[in-house]
Amino acid sequence: MTVAAYTVSLFLRIAKIDLITYNANNINILIAFDLINSVSLRLLQNQSINLPCIMKKFDIPNYYRSSFISTIKELRKVTDPRKKDFSPTLLDFGSVQFLIARHFGFCYGVENAIEIAYKAVEENPGKNIYLLSQMIHNPIVNDDLKEKGIQFIMDTEGNHFISWDELTKEDVVIIPAFGTTIAIEKRLTDLGIEIQKYNTTCPFVERVWKQSEKLGGTEHTIIIHGKHNHEETRATFSHSDKNAPSIVIKDINEALILEQIILGEKSAEDFETIFSGRHSDNFDIEKHLTKIGVVNQTTMLATETQEIADFLKETMIKKYGEANYKNHFADTRDTLCYATNDNQQATIGLLKEDADLAIVVGGYNSSNTSHIVELCEEKLPTYFINSAKAIEDNTTLNHFDFHNKQSLTNKDYLPKKEDVTRIILTSGASCPDTIVDEVLDKLLSYFDTTIVKESIIEKLEAEKNT
Ligand code: SF4
């Protein structure tokens, strides 16, 4: 640990803030530091550093937390404080066993956003309180905010429920965890609305904006790997476009098309046909594809992001040669967030175990949850559900096919086994633990078991002490 890191950790101990270490690609990075002050957070999150990772405890409504799941998570923290073990926790109820992912549920950015949104309600009685759009991609959290009186200005695609003209400078506007575009920030500021007080933009999204600023500073065109309609990618594109010509690509197939354009095998018209609405104004394929760098939406699939960066690097090697490619391609690290990395690695850990089916819980428009589903689908029958209500009984379950954006019903989702049924259970970064707990309870009710949750906790406690 460096002297700076030691000083920080000492300060945090005095300030009673939890320290945890996050390790991605062998680089320890800081998760969060805003309890002390946001300047420190912004300074530290930008560094490639060996520092302890600091996780603030957020003040969010208790009904989002489950004491059963919180206890399991706390026990895991004790036995694995450095977050090196991605193996799941086995909850053995006898006739049914659940494999619970090492990491799942609310991330830093989501808890931060929830805390700020509920604080906005508490601090502004009688005022109009608006959210630009869904605060996070979880219907239960968004519905609860609506019940508390928060109104949504737009849907996730940017279609207005409330026009800008209806807003006044006395109103409160909350910016969601995904951040927003520069145009919307300006619109609100022009209306006289204070936009920083309840700005919940996740620091890990801002990190992507900073990375694109750096790339723009070295005259790289910015290739954003993301879903162009997703709020976060729209915000990132807007901030990136301010710094350099930018383009959004969604997957490796589009990287392949981009290669053909870079190598002169496709024309400017082809470029326009495919990437229309997803590139900066006046994008010139001759000028703007000679020096490129890649950033990502924070919640993409890590393996795909790596594949795209490696592929585009090879493209520049093809065009300019091994000796020169560094002048044309910025060899930077991905900009996925810690929660995406942790949850995907924990899912890979889950899939090393044998199981009969996987249940993944989360909002159907949640990007990070859909990637967990994608990973599970490769190995076993997987059902993407948004709450326990999706489970009708021990035979019928309603789930979501995110590939085709359709709801499906399965009438035979539980295997008919004489011996033990094993269920993988996990969730995305925007799903409250209480929902996962309700799903577990519902599934448990279909099995003949006398083992109760308290005994499971006692067993895990005993294992911790051995
Ligand atoms: S998933 Fe990552 S980027 Fe998104 S809110 Fe959570 S920590 Fe922030």
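The values are calculated or read from the model by the stated rules, or taken from the named source; none is laboratory data. As the structure is a computational prediction, the values presented were derived from the model and not from experiment. Cβ: placed from backbone, ideal geometry, glycine included. Neighbour counts: every protein chain shown.
Per the conditions (1) more than 26 Å from the chain's Cα centre (by Cα); (2) surrounded by 15 or more Cβ atoms within 10 Å (Cβ to Cβ); (3) at positive phi, the sole criterion not satisfied by Asn128 is (3). Checked against the criterion of being more than 16 Å from the ligand (Cβ to nearest atom) and either surrounded by 20 or more Cβ atoms within 10 Å (Cβ to Cβ) or not small (Gly, Ala, Ser) (or both), the candidates Ile391, Ile372 yield just one match: Ile391. A count restricted to segment 256-284 and to residues that are free of Cβ contacts under 8 Å to residues at least 40 places away in the same chain, part of a helix (DSSP H, G or I) and among the charged types (D, E, K, R) stands at 3. Just so you know, in segment 322-354 the residues that are over 24 Å from the mean Cα position of the chain (by Cα) and free of Cβ contacts under 8 Å to residues at least 40 places away in the same chain include one that is nearest to the ligand (Cβ to nearest atom), and it is Phe329. Within this structure, Lys459 fails the test of being modelled with pLDDT under 95 and outside any helix (DSSP H, G or I). Please state which one of Lys287, Lys319, Lys313 is farther than 30 Å from Ala101 by Cα, free of Cβ contacts under 8 Å to residues at least 60 places away in the same chain, of a type in the set (Lys, Arg) and surrounded by fewer than 15 Cβ atoms within 10 Å (Cβ to Cβ). Testing whether each residue is farther than 30 Å from Ala101 by Cα, free of Cβ contacts under 8 Å to residues at least 60 places away in the same chain, of a type in the set (Lys, Arg) and surrounded by fewer than 15 Cβ atoms within 10 Å (Cβ to Cβ) leaves just Lys287. In segment 199-215, what count of residues is obtained for those that are within 16 Å of the ligand (Cβ to nearest atom) and either of a type in the set (Phe, Trp, Tyr) or touching a strand residue (DSSP E or B) at 6+ places or on another chain (Cβ under 9 Å) (or both)? Count: 8. Assess whether Ile184 counts as being assigned to a loop (DSSP other than H, G, I, E, B) and hydrophobic (A, V, I, L, M, F, W, C). Answer is no for this residue.
Scanning segment 175-189 for residues being within 16 Å of the ligand (Cβ to nearest atom) and polar (S, T, N, Q) gives a total of 1. Listed by position, the strands (runs of 3 or more DSSP E) contained in segment 355-428 that have at least 3 residues being in contact (Cβ under 8 Å) with a residue 24 or more places away in the chain and closer than 21 Å to Val96 by Cβ are 357-361, 382-385, 421-427. What about Ile385, is it within 16 Å of the ligand (Cβ to nearest atom), under 25 Å from Gly109 (Cβ atoms), of a type outside the set (Asp, Glu) and surrounded by 13 or more Cβ atoms within 10 Å (Cβ to Cβ)? Taking the combined requirement at face value, the residue does not satisfy it. Residues that are closer than 24 Å to Lys352 by Cβ and modelled with pLDDT of 95 or more, at least 1 per element: which strands (runs of 3 or more DSSP E) completely within segment 52-155 meet that? It comes to 89-92, 96-100. Only one of the numbered conditions (1) surrounded by fewer than 13 Cβ atoms within 10 Å (Cβ to Cβ); (2) under 26 Å from the mean Cα position of the chain (by Cα) is not met by Glu122, and that is (2). Yes or no: segment 352-365 includes at least one residue that is hydrophobic (A, V, I, L, M, F, W, C) and farther than 21 Å from Phe93 by Cα. Among the residues of segment 352-365, not one is hydrophobic (A, V, I, L, M, F, W, C) and farther than 21 Å from Phe93 by Cα, which makes the answer no.
Only one entry of Ile116, Ile150, Ile129 meets the criterion of being within 16 Å of the ligand (Cβ to nearest atom) and outside the structural domain of Arg234 (by TED's automatic domain parsing), and that entry is Ile116.
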